[in-house]
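Q: Please see the structure below; I have some questions.
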Amino acid sequence: MAIFTSQFLAMSQEPHPHEDEITLTDIWIKLQEWTAYLWKRKVWIIAIAFLFAVGGYLKVKLARPVYSATLTFSLEQGGGKGSNLAGLASQFGFSMGGDGGGMFSGENLLTLMKSRRMVEDVLLTPVDIDGDSVLLIDQYVRSWPELKERWDSTGLYPFDAAKKHERLQDSALGVIHSAIIDKALVVSKQDEALSFVSLSYSGHDEVFSGRFVEQLTLQATAFYVESKTANNRANMAKLQRRVDSVTSELEVAMVSAGRASDANMFTVQSAAKVSSLEKQMKVTMLTTLYGELVKNLELSKTLASREEPLITDIDRPHYPLRVRESGLKGALFGGVLGGFLTVLFFGGREFLRDLNRQAKEQKAA
């Protein structure tokens, strides 16, 4: 009996196999403890959050202003059936049905606007600023004092457009292009149905921001339209040369036929009039050919006008430009960040203290 009693007491002193498991009740109790702990330190949390909010507000207000310029235009692709018009022109070996700009179809206009060629052409465009003709790239450099100082030391400022293909100048243009594309320029299509394209630039210089979006839109859309209509314009030029050539031949033939007619005016023999008849026949043939060529030339012009993209400005930058800053947002972000970090600090410290206390209790047991 004594042996049985001692075994029972030993078993009762062994730890329960599920004693170390954490239940939902334990978690709820621990959350209540932490909430009570943080509530006691609410003054510290509110004070630090307030200081962060003031810091966020001052950071926004004291920072250099960022000017945002936005230009919106609509792009309506030209086109239509036009097969009958193209068929008439094809009678003379001319194809009027292509758009001549397949590589620039669809969304590629957006890519074209961000290409290095377009951006560099705009940067090297002289504009009138306060009565002076200034390259846009020089106006851009002026808005970055540190960059201007470096360019002054290397002889890059003011920029010489004639040396743009030299190694140093080309490298500098590449750096500015990357900075504009990656951080400042946004090109997007707002509405698929209406084909609204929006071009936005944000920078520290108000003049540069507005002029840049205007010049970039102007040059990119002009290049786009020229590329889309290149094939039609080439074919119209061929037709025009044919018309001019036939016109010259017709004038010569008419003069020759007139002289032959005058020479044979009083001739009775029919054989002597053969030469005059041949010249008159040539005049008739050239007249018919001239009429057909002129008709096809006019039809080709009509077809080209139908296929030319229509670009219409919807909204342009208005001065003074909108300054992209918000002290309220800066204060809100700073306050939330400060409060979160403070709660994280106190909560983490209390968690470590709790772990340390449990370790000491287990060690003492």
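Q: Arrange Ser178, Ser115, Ser227 by Cβ neighbour counts within 10 Å, fewest through most, would you?
A: Ser178, Ser115, Ser227
Q: Now, a different point. Mind scanning Lys114/Lys238; Lys238/Lys282; Lys59/Lys163; Lys163/Lys238; Lys42/Lys360 and naming the pairs with a C-alpha gap bigger than 31 Å? Could the numbers behind the result be given before it?
A: Numbers: Lys114/Lys238 34 Å; Lys238/Lys282 23 Å; Lys59/Lys163 41 Å; Lys163/Lys238 37 Å; Lys42/Lys360 29 Å.
The pairs that break the limit, which is 31 Å between Cα atoms, are Lys114/Lys238; Lys59/Lys163; Lys163/Lys238.
Q: While we're on this one: Modelling each spin label as a point 7 Å along the Cα-to-Cβ direction, I'd like the Ser305/Glu226 distance in nm, to one decimal.
A: Spacing of the two 7 Å Cα→Cβ label points: 2.3 nm.
Q: Using the basic label-point model (7 angstrom from Cα toward the beta carbon), what is the Trp144 to Phe196 distance in nanometres?
A: Result for the modelled spin labels: 3.2 nm.
Q: Another question, if that's okay. Computed FRET efficiency, Cβ-Cβ of Val252 and Val175, R0 45 Å: what is it to the nearest 0.05?
A: Working: r = 62 Å, r/R0 = 1.38.
The pair Val252/Val175 has a calculated efficiency of 0.15.
Only the coordinates and a few stated rules stand behind these numbers; no lab work does. Every value quoted in this text rests on a predicted model; they were computed, and no experiment measured them. Positions of Cβ are generated from backbone atoms using ideal geometry, with glycine treated the same way; all protein chains shown enter the neighbour counts.
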